[in-house]
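Presented below is the structure to which this report refers.
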Amino acid sequence: MKFLFHLLLLIGLSALTGAAWVAHRPTAIAPVEPPKPGARQRELVDDLKQAAIKRSAVFEVSEAELNRHLAKTLKGTLPQPAGEWATFERLALELEPEIAHATLVWKVRNHLSTATVDFRIARQEKAFRVEVVGGRYGHLEVPHGLLRPLAPALEKLAATLQEEIQALFQMNQIQLAQDKLVLDPRFP
């Protein structure tokens, strides 16, 4: 009986060690693409506001444009003493049909650490609803309930990007497509 208990304990400890190793392997994220030479640099927030006012045509924003805007806009710091050994690097978005992956990247003692939140955006009557459907710590997939430790970081991001979120939610339709965000400000 004692042997069986030790065997089960060893299996449980091995599973936890494996999960910790998988969680600490960072997710691969694409670097921020520089703008194409000669291409017009969009002011994303101003363009969103103008599209919401004019309400004349469908407005598309590429994943690369979103990531460039986020890299330019977000500069994170951590409170001390954590700020001495960890820094917030960036927020990277990856868009697929009907789902978006937001990956938060930190550098902890020269090791990249990532956490990804998968979400959907749906319109319900006059308001938009953002639904978290799952995510990952590194490569370890977890259900959305286990992403609760990320809530303070996500709340800070939402507060920092308040102007962008307000402009985005002025649209009548928001559609997540492959590598782009399709916004329709026109009245239905």
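The figures follow:
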| read-out | value |
| --- | --- |
| Residue that is farthest from Pro97 (Cα to Cα) [pool: residues in segment 154-188 that are free of Cβ contacts under 8 Å to residues at least 60 places away in the same chain and of a type in the set (A, V, I, L, M)] | Ala159 |
| Any hit, segment 91-102, residues being more than 23 Å from Ala177 (Cα to Cα) and either hydroxyl-bearing (Ser, Thr, Tyr) or loosely packed, with under 11 Cβ neighbours inside 10 Å (or both) | no |
| Those residues of segment 36-53 which are touching a residue at least 40 places away in the same chain (Cβ under 8 Å) and within 18 Å of Leu161 (Cα to Cα), in sequence order | Leu44, Val45, Leu48, Lys49, Ala52 |
| Hits in segment 36-54 - residues which are part of a loop (DSSP other than H, G, I, E, B) and touching an Asp or Glu at 6+ places or on another chain (Cβ under 8 Å) | Arg42 |
| Filter result (under 20 Å from Phe59 (Cα atoms), surrounded by 14 or more Cβ atoms within 10 Å (Cβ to Cβ) and of a type in the set (Gly, Ala, Ser)) within segment 127-139 | none |
| Residue within segment 108-127 that is in contact (Cβ under 8 Å) with a residue 40 or more places away in the chain and on the phi > 0 side of the Ramachandran plot present | no |
| In segment 123-139, residue modelled with the highest pLDDT [restricted to those that are in a strand (DSSP E or B) and among the charged types (D, E, K, R)] | Arg136 |
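Residue by residue, here is whether (1) at pLDDT below 90; (2) surrounded by 10 or more Cβ atoms within 10 Å (Cβ to Cβ); (3) within 16 Å of the chain's Cα centre (by Cα) holds:
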{"site": "Ile121", "(1), (2), (3)": "no, yes, yes"}
{"site": "Glu141", "(1), (2), (3)": "no, yes, yes"}
{"site": "Pro149", "(1), (2), (3)": "no, no, yes"}
{"site": "Ala153", "(1), (2), (3)": "yes, yes, yes"}
{"site": "Leu161", "(1), (2), (3)": "no, yes, yes"}
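Yes or no, residue by residue, for (1) free of Cβ contacts under 8 Å to residues at least 40 places away in the same chain; (2) open to solvent by less than 70 Å² (accessible area, probe 1.4 Å); (3) in contact with a Leu (Cβ under 9 Å, 6 or more places away or on another chain); (4) in a loop (DSSP other than H, G, I, E, B):
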position	(1), (2), (3), (4)
His6	yes, no, no, no
Leu10	yes, no, no, no
Ala20	yes, yes, yes, no
Pro34	yes, no, no, yes
Lys72	yes, no, no, no
Lys75	yes, no, no, yes
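The values are calculated or read from the model by the stated rules, or taken from the named source; none is laboratory data. The shown structure was predicted, so the numbers you read here are calculated from the model rather than taken from an experiment. Every residue, glycine among them, receives a Cβ derived from its backbone with ideal geometry; neighbour counts consider all protein chains shown. Note: accessible area is taken over every heavy atom of the protein model, side chains too, but ligands, DNA and RNA are not part of it. Shrake-Rupley method; radii C 1.70, N 1.55, O 1.52, S 1.80 Å.
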